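Below you'll find the structure, written out as structure tokens, and then a few comments.
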Amino acid sequence: MPRRSWRQLALAGLVVAAGGGAWAVAPTASADDAPRITQLAGVTEGATLSGTARIEARTSGTVDRVEFSLSGASTATWTERQTPYYFLGNNGTTAPGWNAASAPDGAYALAVRAIGPGGTSQQTVRFTVGQQAGEPAPTPTTGGNASTANPSVSNGVATFTANKTIGKLSVPDSWTEIVIGAGVTLKGNFFIPANRRKALTITGRNKQTSQLTGDGPHAKDYARAGVTTEAKIKLTLRNYTSVNPRFYHMWAKNAQVVMSGMRYIDNRDVGSNNSDGFSGGDDSLIENTLIDTWDDSAKLYTGDLTIRDTTIVHNRNGAPIQMAWGDYGQGTASLDGLTVISNSPNGYNQGVFSWAGGTKADTRTIRIVGAGFVRKVNPGMVEAPLYAFKDGVKNKTIRVEGGDCSVVRSTSANTFQGANTSGNKVVVTGCR
């Protein structure tokens, strides 16, 4: 079977696998600690929404996280791990909410689960989206010709309601949020000036059909990454698909990036396009995301990184987790639900955890929460090395804490030492 067909088969199965991993929680504590959803504020059963809904799950008991899953004409997933538990998050007392005015009309259901050591509590609220009597209908959120400004900008929120070639769009400082409508494809990239100080959110109304794609051939130019910035800001990316960027899918090594519900896809199947996935700054987060690129999926050397409930498809080039390309950087990766799928029929340039170049003694740490790291192999493909040291790298240590011993222990079969490498090692502690 052709390689792309295997990928399509695998990704169809990923949805089920990732969903089961995200929701399955076994009760381990007393009933007094059981999480409960006491109220879903901001929306009521059977309501008709036409504006911004700030939906909050109010809880009791011991709660580790609250997971939201929206289904209907527009879809979204979101996980909150600290109170208050707002759908699509909050910044202090400010919650951006879900903008029903930019969503397709129709029936929706929002499933909410509170998860803790005492088990799981779930509520589902059903509502419709449509304009109130006497109000004008919104600009359609599907592709095609826009009948009004595209984007329309209101209170700092720039909403794209139709397909558009944006080129290298320098994001105005007055914009605080960029919304890509359902069924809308933007060609180009968002360039965020280095002197920006305000937080920025880029969000899609539909994870699969809200898309940002490259607008030309490969260009080794950081200013042409799908989203790129040197600014030291909080950057939130959620619920859209990035396809075949001209350079990286995103480059924001100084920003604290919160990435949730994203899809990073490269389907060109060529080995020299530098379609790296994630490069965020210290204390960044990747959550509920699929990364299927042809170069490094996530870079660790720009600071601490947490990865939760995420799947990385490991193609021939690059590493799912790249420690560094030389003597620079720092960071610890905490894995709390990462699945890596080997997806090459005849070998790999890098291992799952890789280090290339540099000779100074240095250490990167991979911290695994519970059984938070899983490996799979697509049908007809060969398994990638787990650890790889390449390009003359010397004196580097990959330290692994926790995990399943049978999976993470370094062996001669799963560890690759390239030509002219020496003094490199993998140290595993605390595995089970």
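The table for this structure:
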quantity	calculated
Among residues of the stretch 96-125, those that are over 24 Å from the mean Cα position of the chain (by Cα) and open to solvent by less than 20 Å² (accessible area, probe 1.4 Å), counted	3
Close pairs (7 angstrom Cβ cut-off, 6 or more residues apart or separate chains): more than 20 Å from SER69 (Cα to Cα) in the stretch 80-94, hydrophobic (A, V, I, L, M, F, W, C) and at pLDDT 90 or above anywhere	ASN91/ALA199
Test: THR62 is in contact (Cβ under 8 Å) with a residue 40 or more places away in the chain and either polar (S, T, N, Q) or more than 28 Å from THR241 (Cα to Cα) (or both)	yes
Number of the exception - ASN239 against (1) open to solvent by less than 30 Å² (accessible area, probe 1.4 Å); (2) closer than 16 Å to VAL171 by Cβ; (3) touching a strand residue (DSSP E or B) at 6+ places or on another chain (Cβ under 6 Å)	(2)
Residue in the stretch 191-214 that is part of a helix (DSSP H, G or I) and either touching a residue at least 40 places away in the same chain (Cβ under 8 Å) or within 14 Å of HIS249 (Cα to Cα) (or both) present	no
Selection from the stretch 392-425 of residues that are of a type in the set (A, V, I, L, M, F, W, C), without any contact (Cβ under 8 Å) to a residue 60 or more places away in the chain and over 13 Å from GLY358 (Cα atoms)	VAL400, CYS405, VAL407, VAL408, ALA413, ALA419
Residue count, the stretch 329-345 (criterion: free of Cβ contacts under 8 Å to residues at least 60 places away in the same chain, assigned to a strand (DSSP E or B) and among the small types (Gly, Ala, Ser))	4
Hits in the stretch 212-227 (condition: open to solvent by less than 50 Å² (accessible area, probe 1.4 Å) and out of contact with any helix residue (DSSP H, G or I) (no Cβ under 9 Å at 6 or more places or on another chain))	LEU212, THR213, ALA219, ALA223, ALA225, GLY226, VAL227
Options THR148, THR128, THR142, THR120: the member that is modelled with pLDDT under 95, over 28 Å from TYR86 (Cβ atoms) and among the β-branched types (Val, Ile, Thr)	THR148
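The values are calculated or read from the model by the stated rules, or taken from the named source; none is laboratory data. Just so you know, these numbers come straight off a predicted model, no measurement behind them. Reconstructed Cβ throughout: ideal geometry from the backbone, glycine too, with neighbour counts over all protein chains shown. We work out accessible area using only protein heavy atoms, side chains counted, and drop any ligands, DNA or RNA first. Shrake-Rupley method; radii C 1.70, N 1.55, O 1.52, S 1.80 Å.
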